[in-house]
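Novice: Structure in structure tokens, see below.
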Amino acid sequence: MAGRKTNNAQATFTNCLRGVIEEADALARQENVELALWLESPAGQPYVYKTPGFNTVSRRYRNASQARIRQNQATLDRITKELAEEKERAKVLKKREEELFKKHEVKEIADMNLEELLAFKEKLEILRETINSATK
């Protein structure tokens, strides 16, 4: 009884496999497409249908993904280089800012005491009045 069920299952799979391959072949011929099928039987045996060839189709997809990887790597390299350049630019700007603060004897607001903050406030108010009078 077990042998008959196995034979029936194998016969059913073989008929289905034949039908799938016929449909795939018809599709490949009618639409002029490249097609690769990989099927496994219930027993684990692989069946391959390919047009023009499974290796050709799979190689094309592998190469396409490798090309995308190379393109993405080039983009990453470019962005990394830009980031390094921006970091250098930030260092130069920070150094220039410190030199200007020393040259004009300007302190960071957080480093000022109360008297310096009040004097700074007066200077800002004078600047605001100057700008307002110039724009009228």
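Novice: Could you compute the longest span of the chain free of GluC sites (Glu not before Pro) located in DSSP loops and having at most 10 other Cβ atoms within 10 Å, not counting the site residues?
Specialist: Free of exposed loop sites, the longest segment is 1-104.
Novice: Here is a further query. Distance in nm between label sites at residue 118 and residue 105, each 7 Å beyond Cα in the beta-carbon direction?
Specialist: Label at residue 118, label at residue 105, 1.9 nm between them.
Novice: Name the residue from 12, 132, 38 whose Cα lies farthest towards the positive end of the charge dipole of the chain, charges +1 on Cβ of Lys and Arg and -1 on Cβ of Asp and Glu.
Specialist: With unit charges placed on the Cβ atoms, the residue in question is 12.
Novice: Taking only DSSP H segments of four or more residues, each worth -39500 (n - 2.57), what value at 222 nm results for the chain once the sum is divided by all its residues, to the nearest 500 deg cm²/dmol?
Specialist: Rounded to the nearest 500, it is -27500 deg cm²/dmol.
Novice: Tell me the Rg and the Dmax, in Å, that the Cα atoms of the chain produce.
Specialist: Considering the chain through its Cα atoms, Rg and Dmax are 37.8, 107 Å.
Novice: Counting Lys and Arg as +1 and Asp and Glu as -1, each charge on the Cβ, what is the dipole of the chain about the Cα centre in debye, to the nearest 20?
Specialist: 740
Novice: Sequence neighbours fewer than 8 away in the same chain don't count; with that in mind, list the lysines whose C-alpha is under 26 Å from residue 136.
Specialist: Partners found: 121, 123.
Novice: If the range 55-124 were replaced by its equivalent ellipsoid, with semi-axes equal to the square roots of 5 times the Cα gyration tensor eigenvalues, what would those be, largest first, whole Å?
Specialist: 57, 12, 7
Bear in mind these aren't lab numbers, they're just calculated from the coordinates by the rules spelled out. The model shown is predicted, which means the values in this text are computed figures rather than measured ones. Using ideal geometry, Cβ is built from the backbone for each residue, glycine included, and neighbour counts are taken over all protein chains shown.
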